[in-house]
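Novice: Let me begin by handing over the structure; questions about it come next.
The values are calculated or read from the model by the stated rules, or taken from the named source; none is laboratory data. What you are looking at is a predicted structure, and each value in this text was computed from that prediction instead of being measured. Virtual Cβ from ideal backbone geometry, glycine too; neighbours counted across all protein chains shown.
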Amino acid sequence: MTDTGTAPVRKRRVPFWDNARFICVTLVVIGHAIQRLTADSDPAHVAYLFIYSFHMPAFAIISGYFSKADPPNKRAMLRIITDILIPYLIMESVWSLVQFLVEGRSDFNPSTPSWTLWFLLALGIFRVILPYLALLRWPLIISVIASVGVGYFANVDSTFSLSRAIGILPFFVLGWRAREWGIADRWLRLERMLWMRVVAVAVLAAWVTVLTVYIDVWRQFELRFWFFFNDGYQELGEEEWWAGLIRLAVILLAVVLCAAFLTLIPRRASWLTPLGQGTMYVYLLHSFLLYPLRESGLLTIGYPSGSLLVLMVLAGIAISIVLASPPVRRLFRPVIEPKPKWLFRAFDDAPTGHSRIDPTGSRRDRPAPRR
């Protein structure tokens with residue numbers, strides 16, 4: 001193919017996906033913000049279970065939708081290093097320093113991700129194995145079997161976030177297959193959505209009702225740990241052979257809730273749409289803002305639980321907006337989007353242009369350089 005000298009045609013940006021990414025990451029922040037309240041507040045525990053039942057599966061679905069199963073070329077391999085591995089090592093080092101200064105902990109161990117960093121490694125694992133899964137006849141079914149089956153192996157743990165990565169793999173594959181099958185595109189072209197949104201609201205409301213009515217049961221069962229996809233069935237207190245059916249039920253529940261959640265996402269551009277370009281900034285940086293608050297004990301002093309819950313939800317929303325803003329992204333770009341050209345033998349094939357796609361699939365537009 002000859003070069004015509006014309007600029008490449010850029011894909012039209014779909015506001016829906018930016019809106020979905022920002023709302024998803026805001027739910028992540030809110031979930032982390034209210035976690036300390038769940039021990040003594042039933043409403044906080046209900047909100048926590050509600051968020052955790054689908055927010056990371058939805059994140060994985062969106063990431064999978066924007067993933068390609070082509071055999072990796074040099075550019076794809078470079079992006080795994082620059083978009084995932086190097087930011088992970090930077091953030092893990094910073095976390096270790098913070099924990100050493102605050103808690104006196106000196107157990108730097110990059111093989112065990114700190115707090116939110118597990119999902120960054122999971123995205124790296126997904127990128128590596130997706131081309132192999134795409135060769136199989138039933139990749140989605142196989143990923144579900146892997147997710148259910150890994151819970152029976154106690155030796156598959158949080159090292160390199162392997163247990164969680166395999167646990168949420170079906171959602172990532174589902175997102176990829178939704179694009180392959182054209183389901184998402186046909187769904188986005190639907191014009192009459194009112195009845196679907198009514199059903200979505202009813203589904204989510206029914207789930208909130210179930211959580212509220214049986215909150216004591218969910219506390220005793222420790223349902224929240226099942227939503228983490230991190231522990232094996234023995235660690236979760238279920239040693240029976242049918243324990244995997246519980247995880248299968250959790251997967252199916254998450255798919256239904258994700259469908260309802262995505263149905264309610266605004267499709268048109270609004271003030272929050274540009275914030276969807278800062279997904280990874282919010283995800284990787286918000287824990288540093290919440291960490292001092294969580295460790296200080298201020299959330300357990302005994303304020304009215306309802307008022308504190310509302311306050312922390314609003315704080316989570318504010319944190320997401322601030323961290324996704326252009327000034328913050330410019331400030332922390334060297335950490336979140338490093339470009340270590342000196343590290344590579346041949347970096348000429350690296351991604352170029354005025355935009356960059358992060359591991360979640362978000363393309364961040366940049367202004368053209370001044371001449």
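Novice: Identify all residues within the stretch 5-50 that are small (Gly, Ala, Ser), more than 15 Å from the chain's Cα centre (by Cα) and either modelled with pLDDT of 95 or more or in a helix (DSSP H, G or I) (or both); write none if there are none.
Specialist: ALA33, ALA44, ALA47
Novice: So how many residues does the stretch 282-324 have that are modelled with pLDDT of 95 or more and more than 14 Å from ALA33 (Cβ to Cβ)?
Specialist: Adding up the residues that qualify gives 1.
Novice: Related question: Pull out all pairs, ordered by first then second residue, where Cβ-Cβ is under 7 Å, the residues are six or more apart or on different chains, the first lies in the stretch 295-320 and is within 30 Å of GLY278 (Cα to Cα), and the second is modelled with pLDDT under 90 and among the β-branched types (Val, Ile, Thr).
Specialist: Hits for this filter: GLU295/VAL102.
Novice: Out of ALA178, ALA184, I need the residue that is in contact with a Gly (Cβ under 9 Å, 6 or more places away or on another chain) and modelled with pLDDT under 85. Which one?
Specialist: That would be ALA184, the only listed residue that is in contact with a Gly (Cβ under 9 Å, 6 or more places away or on another chain) and modelled with pLDDT under 85.
Novice: Right, another one. With out of contact with any helix residue (DSSP H, G or I) (no Cβ under 6 Å at 6 or more places or on another chain) and not in a helix (DSSP H, G or I) as the only criterion, which of ARG186, ARG192, ARG219 stands out?
Specialist: ARG192
Novice: Among the numbered criteria (1) within 21 Å of ALA254 (Cα to Cα); (2) under 18 Å from the mean Cα position of the chain (by Cα); (3) not in a helix (DSSP H, G or I), which single criterion is violated by ALA122?
Specialist: It is condition (3) that ALA122 fails.
Novice: Determine whether the stretch 217-229 contains at least one residue that is modelled with pLDDT of 95 or more, farther than 22 Å from ALA165 by Cα, over 25 Å from the mean Cα position of the chain (by Cα) and surrounded by 11 or more Cβ atoms within 10 Å (Cβ to Cβ).
Specialist: yes
Novice: Could you tell me whether the stretch 261-279 includes any residue that is among the aromatic types (Phe, Trp, Tyr), loosely packed, with under 13 Cβ neighbours inside 10 Å and at pLDDT below 95?
Specialist: Yes; the residues of the stretch 261-279 include at least one that is among the aromatic types (Phe, Trp, Tyr), loosely packed, with under 13 Cβ neighbours inside 10 Å and at pLDDT below 95.
Novice: Find the residue count for the stretch 223-239, including only residues that are assigned to a loop (DSSP other than H, G, I, E, B) and either under 20 Å from HIS45 (Cα atoms) or not small (Gly, Ala, Ser) (or both).
Specialist: Of the residues in that region, 9 qualify.
Novice: Scan LEU89, LEU136, LEU101 and give me the residue that is out of contact with any His (no Cβ under 7 Å at 6 or more places or on another chain), part of a helix (DSSP H, G or I) and modelled with pLDDT of 90 or more.
Specialist: Exactly one of LEU89, LEU136, LEU101 is out of contact with any His (no Cβ under 7 Å at 6 or more places or on another chain), part of a helix (DSSP H, G or I) and modelled with pLDDT of 90 or more, namely LEU89.
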